[in-house]
Amino acid sequence: MLRAPKLYGRRKGPKPSERQLRLKRELLPAIALRLKPGADPKSYFSSSVKDVWLEVGFGGGEHLLWQAVHNPDTGLIGAEPYAAGIAKLLSHIDDASGGTLGKALPNIRIHEGDARDIIAALPPASIGRVFVLFPDPWPKTRHHKRRFMQMELLGALARILRKDGELRFATDDSGYLRWTIERFLAHKDFVWMAERATDWTMRPSDWPQTRYEAKALHGPPLYLRFLRR
């Protein structure tokens, strides 16, 4: 069973605007994820979906929104503990749906908290794709235990991913890249999909750029894809 370690990192940010406060009152309740342990994740959506994908720490929500718009038959669950990230995504959804409280995008659900809450509640083999994009690298050695990608976490993700499901990971930190590859290669339930160097130095066409990625704070972004055996 996945343990619930302390959640590190920021929870609050700049003071929200009046619009963001209004969207939190009016829009967030309409698309908030209401976890039901063991429930089929498809049941979280008001519209019929053929598959469900999970994004861990969606930041400003650009990637999550793009996937929802371009995959209308797929349910997108996003987890983000950072209040400013939630506010940005709500604004993006409001813009995309023309101010109709997200009704034009019924395939998005938001969890304002730790993604491990969702992972623990999901039944086995219920998710088709997981995104972990540019998580905090925690570069200092004494902080490595805070990194999201841990062997126990990979076991939990393997449990919820269906056979041939995909996990996508991105980072601009070379140390975190090595850390992640080492753990995936040591895990029996995942196989690295790369066949050539360009497979992990170039984004696939269905992998949109995020605001954080555009900044490339630590180095050139790198993209890893792993298949659930």
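Any read-out appearing in this document is the output of simple, stated calculations on the displayed coordinates, not a laboratory observation. Being a predicted model, the structure only gives us computed values, none of them experimental. So basically every Cβ, Gly included, is an ideal-geometry build from the backbone, and we count neighbours across all protein chains shown.
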**Fill in**
Taking a crude spin-label model, label points 7 Å out from Cα along the C-beta direction, the residue 145 to residue 206 distance in nm is 4.0 nm
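Using a cut-off of 15 Å between beta-carbons, work out the net charge of the residues near residue 220 (Lys and Arg +1, Asp and Glu -1, residue 220 not included). Don't skip to the answer; put the middle values down first.
On the way: positive: 178, 203, 215; negative: 172, 173, 199, 213.
Surrounding charge for residue 220 is -1.
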**Fill in**
Per the charge dipole of the chain (beta-carbon charges, Lys/Arg positive, Asp/Glu negative, Cα centre), the residue among 209, 156, 53 reaching farthest to the positive end is 156
**Request:** State the Cα centre-to-centre distance between the range 146-166 and the range 185-229 in whole Å.
**Result:** 16 Å
**Request:** Please give the peptides 172-185, 17-30 ranked by average Cβ packing (other Cβ atoms within 10 Å per residue), highest first, as a rough proxy for protection.
**Result:** 172-185, 17-30
**Message:** I want to check a number: in the range 18-228, how many lysine pairs have alpha carbons closer than 24 Å, given a sequence separation of 8 or more or different chains?
**Reply:** 17
**Asked** What 222 nm value per residue comes from the helices of the chain, counting each DSSP H run with n ≥ 4 as -39,500 (n - 2.57) and dividing by all residues, nearest 500 deg cm²/dmol?
**Response** -8500 deg cm²/dmol
**Item:** Angle between the chain longest axis and helix 151-160 axis [Cα atoms, degrees, rounded to 10]
**Value:** 60 degrees
**Fill in**
Each label sits 7 Å from Cα toward the beta-carbon; between residue 229 and residue 125 the label points are separated, in nm, by 1.6 nm
**Item:** Computed over the range 181-227, Cα set: Rg, Dmax in Å
**Value:** 12.2, 34
**Request:** Measure nothing fancy, just the Cα-based angle from helix 83-96's long axis to the longest principal axis of the chain, in degrees from 0 to 90, nearest 10.
**Result:** 60 degrees
**Item:** Protection-proxy order for peptides 58-64, 163-169, 146-152, each taking the mean of Cβ atoms within 10 Å per residue, highest first
**Value:** 58-64, 163-169, 146-152
**Request:** Provide the gained length on full extension for the span residue 42 to residue 152, in nm with one decimal, where the gain is 0.36 nm per separating residue minus the Cα-Cα distance.
**Result:** 37.1 nm
